[in-house]
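The values are calculated or read from the model by the stated rules, or taken from the named source; none is laboratory data. Since this is a predicted model, take the numbers as computed values, not measurements. When we count neighbours, we look across all protein chains shown, and the Cβ atoms used for this are built from the backbone with ideal geometry, even at glycine.
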Amino acid sequence: MNAPAEKFVGDVRVLVSDIEELMKATAAQSGERISAVRARVEASLADAKETVALRGREAARATDRYVHDNPWKAIGVSAGFGLLIGLLIGRH
């Protein structure tokens, strides 16, 4: 997955977590308007979770296809990242 997509998924996960916290904090609140809003938020939250899961599965499939189609490139990129991380860790 590319960096913008990873950032988006991370941002959505944080948003989902924040919304879940808000839902728990307002669980004791009552009233017709609050109940309606809670129902809409819960539905939107479920849709967001499903979308993130679907995008994650699609990214995993695309990565798997790429690695199977280009095994030597994948090995080279992995080795390069490993070398870079090793150099960074060795400097500290």
Going through region 28-85 in order, the residues found to be of a type in the set (S, T, N, Q) and in a helix (DSSP H, G or I) are S35, S44, T51, T63, S78
Filtering region 1-43 for residues that are touching a helix residue (DSSP H, G or I) at 6+ places or on another chain (Cβ under 8 Å) and hydroxyl-bearing (S, T, Y) leaves a count of 1
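If you go through region 63-84, how many residues are among the β-branched types (V, I, T) and over 22 Å from A5 (Cα atoms)?
Final tally of qualifying residues: 1.
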Of the listed residues (L88, L22, L15), the one being modelled with pLDDT of 85 or more and assigned to a helix (DSSP H, G or I) is L88
